[in-house]
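The values are calculated or read from the model by the stated rules, or taken from the named source; none is laboratory data. This structure is a prediction, so every number in the text was calculated from the model and none was measured. Neighbour counts run over all protein chains shown; Cβ positions are idealised from the backbone, glycine included.
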Amino acid sequence: MTRRTLEVSHLNTSFFTERGEVKAVQDVSISVNKGQVVGIVGESGCGKSMIARSIMGLVKKPGKIVSGSIVLQGKELTSLGEKELCKIRGKDVSMVFQEPMTSLNPTMRVGKQVQEVVAIHEDVSREEARRRTLQILSAVGIPEVEARYNAYPHELSGGLRQRVIIAMAMVMKPHLLIADEPTTALDATVETQIMALLKQLAKDGTSVLIISHNLGVIAQLADYVYVMYAGRVVEKGSVFELFDNPLHPYTHGLLGAVSSLRSQTKVLQTIPGVVPNLAHLPAGCSFAPRCSKCMARCGSEQPKLVAVNPEHEVCCHLKEGADSL
Amino acid sequence: MKGSKASNLLRRLLYALIAIVGVATLVFVLLRMVPGNPVATLLGEHADKETVERISSSLGLDKPLPVQFADYLLGALRGDFGQSYTLGKPVSELIGPAFVNTLWLALAAALVSWVVGIACGLAAAIHKSTIVDRLFMGFSLLGVSLPVFMVAMLLQYVFARYLHWLPVAGVTDWTGYILPAIALGWGSAGSIARLVRSSVIEVLQQDYIDTARAKGRTGTQILVLHALRNAMLPVITLMAMQFSGLLSGAFITETIFSINGIGRLAVQAIAGRDIPLLQGTTLLCTFVIVMGNLVADLLYSVCDPRVRKEA
Ligand SMILES: Nc1ncnc2c1ncn2[C@@H]1O[C@H](COP(=O)(O)OP(=O)(O)O)[C@@H](O)[C@H]1O
Ligand code: SF4
Ligand SMILES: [Mg+2]
């Protein structure tokens, strides 16, 4: 088998609302290799979660994958029926959601909720399933697992709950773990712990797709980064390339926001302007209304993703053609 | 945790007791506030003053009110509600068998409302905004808005007089309970169905349902294993409240279907100004309603671990 765990190509996912088609994901291609940690970063609402849901086959109505292909371990997912997808979810690909407070069933013991995953995908005895549950719970750093097994979600802290959710996602040793803003709802200390845990998982060979609006999280975890704006990938590259040599004006803006956080400025520097309405995208570059380097052709012509070197691609007219910035 | 559970139960029992004593007091006071002498009513217009006084004293009505009240409370505690004025028997002997009949009717109606309500609500939620949804919700709305006596007479006409499938009135065997149970239960079936529907729809939008899907659970499994229990939490409370409603609704249903229940007895008691009988029937109903709510509370805390822990 190839070293490619995931290959998403030309994915388009839209919501068909009364106010028209909301193009949440447009022509997105992403690949994740075995053992690689790939990050997706971008402001809230830019379509990150919709990519994750598309991969999981969990896009809710009125949303729908319009076109594109999603290949996991050599298997095309977009053509699978619900029944076949159920066999893949939780086993080959799993997902950690943003909200540890609400992502667990409040009336079910947490141990049972983890054990359930084993029972769905494997025909093992209850004792064996329980043994594996306890094992994974301690592997994700939960103390006193025997007691915690019987706890209800409200009896655990946010950090412990997120560990339970990660245990749930890891218990079948999936090829790919998608973590959608796994630390956004947690405080800084707990965030550090959860990040260390994810780093460890990746070291042990799991491919991870980490999604965040926080560049700091991405910088710490990812090997390779995709920057998204208004449903599109606007820049991608290895984490070193991207942070040392950002090319897209939007990435510059994001990095500016991070450094002002680092220097503890009271005023949080953000990119001026607002994210465009995905139902009525402007012609040309979506970032044009907020871009300080906007040129005449930006308003009419959609820029293409072009490679500046094998490790780095950007989608901006400044970088198209022979001229360099 | 065990200790808080026990003290929790004790606290709830105390509340129940306070509620019952409260109602008992209220009933006593209200019945004494009604103008007119009950003995005079009993004996008719032409009774002479002396007879009225003699009977009053034999019934203990000449004693000061606080003494009457104490007698009444202590008696009720022993299950002794005194002698019925109009039927000449101890109240406890009258309400016992009548209550059994009412209880059967209420239970049958509750069964109808739970089964029909939950099934319709679930079906409507699963097929949200389709014809199935509208059909079941229309059916529920009808049940909620039609008065019990109209439903009862409609059912009597169609199934008893016209189709001759079931008895018109009176109970000789269990078939006699079918029409009254439907008449009485339809309304609460309607409100249960509506609550089940909205609750299931809401629960299905929760984050943990996404989690369950991400685990590889199928839609049906999610409904049964993750959604139902959470969705039923608010419904349990409603079902308990409705059970009280069924008991009071039984007044009308019993009259229309000639069932010798507590409701009919209470109507008789009101008509005859039969204070002991009225006190007995009211207190018994209060007791059952309070106990019903207590059971619902406990059931709720068994089903919801978050409530269970709060002391
Ligand atoms: N139910 C919905 N109906 C219409 N549009 C939606 C719906 N859910 C999401 N969207 C659109 O999809 C876009 C991307 O959402 P999402 O992927 O959740 O963003 P994020 O990057 O914050 O995870 C949103 O900006 C919104 O316009
Ligand atoms: S294409 Fe033009 S508007 Fe868009 S980011 Fe590049 S310079 Fe700015
Ligand atoms: Mg998101």
Of those in region A:209-234 that are within 16 Å of ligand 3 (Cβ to nearest atom) and in contact with a His (Cβ under 9 Å, 6 or more places away or on another chain), the residue nearest to A:Ala24 (Cα to Cα) is A:Tyr229
Within region A:121-134, can one find any residue that is within 27 Å of A:Thr183 (Cα to Cα) and either modelled with pLDDT under 95 or β-branched (Val, Ile, Thr) (or both)?
yes
May I ask you to say which residue of A:Thr13, A:Thr107, A:Thr78 is within 16 Å of ligand 3 (Cβ to nearest atom) and among the β-branched types (Val, Ile, Thr)?
A:Thr13
Give B:Gly280, B:Gly292 a once-over and let me know the one that is assigned to a helix (DSSP H, G or I) and more than 29 Å from B:Leu61 (Cα to Cα).
B:Gly292
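Per-residue answers, yes or no, for (1) touching a strand residue (DSSP E or B) at 6+ places or on another chain (Cβ under 8 Å); (2) buried (at least 18 other Cβ atoms within 10 Å of the Cβ); (3) modelled with pLDDT under 90:
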site: B:Ala40; (1), (2), (3): no, no, yes
site: B:Pro66; (1), (2), (3): no, no, yes
site: B:Ala70; (1), (2), (3): no, no, yes
site: B:Ala76; (1), (2), (3): no, yes, yes
site: B:Asp80; (1), (2), (3): yes, no, yes
site: B:Leu103; (1), (2), (3): no, no, yes
site: B:His127; (1), (2), (3): no, no, no
site: B:Thr130; (1), (2), (3): no, no, no
site: B:Arg134; (1), (2), (3): no, no, no
Residue match in region B:178-197 (condition: closer than 30 Å to A:Gln115 by Cβ and surrounded by 15 or more Cβ atoms within 10 Å (Cβ to Cβ))
yes
Counting only residues that are facing chain B (nearest Cβ under 10 Å) and not small (Gly, Ala, Ser), give me the helices (runs of 4 or more DSSP H) lying completely in region A:93-205 with at least 1 of them.
A:110-121, A:158-170
Restricting to region A:292-318, name every residue that is in a strand (DSSP E or B) and either within 16 Å of ligand 3 (Cβ to nearest atom) or small (Gly, Ala, Ser) (or both).
A:Ala307
Those residues of region A:216-230 which are part of a helix (DSSP H, G or I) and surrounded by 24 or more Cβ atoms within 10 Å (Cβ to Cβ), in sequence order
A:Ile218
Condition first: touching a Leu at 6+ places or on another chain (Cβ under 9 Å) and touching a residue at least 40 places away in the same chain (Cβ under 8 Å). Now tell me which residues in region A:51-65 satisfy that.
A:Ile51, A:Ala52, A:Ser54, A:Ile55, A:Met56, A:Ile65
Can B:Ala160 be described as part of a helix (DSSP H, G or I) and either surrounded by fewer than 17 Cβ atoms within 10 Å (Cβ to Cβ) or without any contact (Cβ under 8 Å) to a residue 24 or more places away in the chain (or both)?
yes
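Residue by residue, here is whether (1) surrounded by 23 or more Cβ atoms within 10 Å (Cβ to Cβ); (2) of a type in the set (Lys, Arg); (3) within 16 Å of ligand 3 (Cβ to nearest atom) holds:
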residue	(1), (2), (3)
A:Ala139	no, no, no
A:Glu144	no, no, no
A:Arg148	no, yes, no
A:His154	no, no, no
A:Ala179	yes, no, yes
A:Pro182	yes, no, yes
A:Thr189	no, no, no
A:Gln200	no, no, no
A:Ser207	yes, no, no
Inside region B:199-226, the number of residues satisfying the requirement of being in contact (Cβ under 8 Å) with a residue 24 or more places away in the chain and in a helix (DSSP H, G or I) is 7
Output the residues belonging to region A:43-52 that are more than 6 Å from ligand 1 (Cβ to nearest atom) and more than 14 Å from chain B (Cβ to nearest Cβ).
A:Glu43, A:Ile51
Residues within region A:275-291 that are assigned to a loop (DSSP other than H, G, I, E, B) and within 8 Å of ligand 2 (Cβ to nearest atom), tallied
5
Test: residue in region B:184-203 that is polar (S, T, N, Q), within 28 Å of A:Arg53 (Cβ to Cβ) and within 14 Å of chain A (Cβ to nearest Cβ)
yes
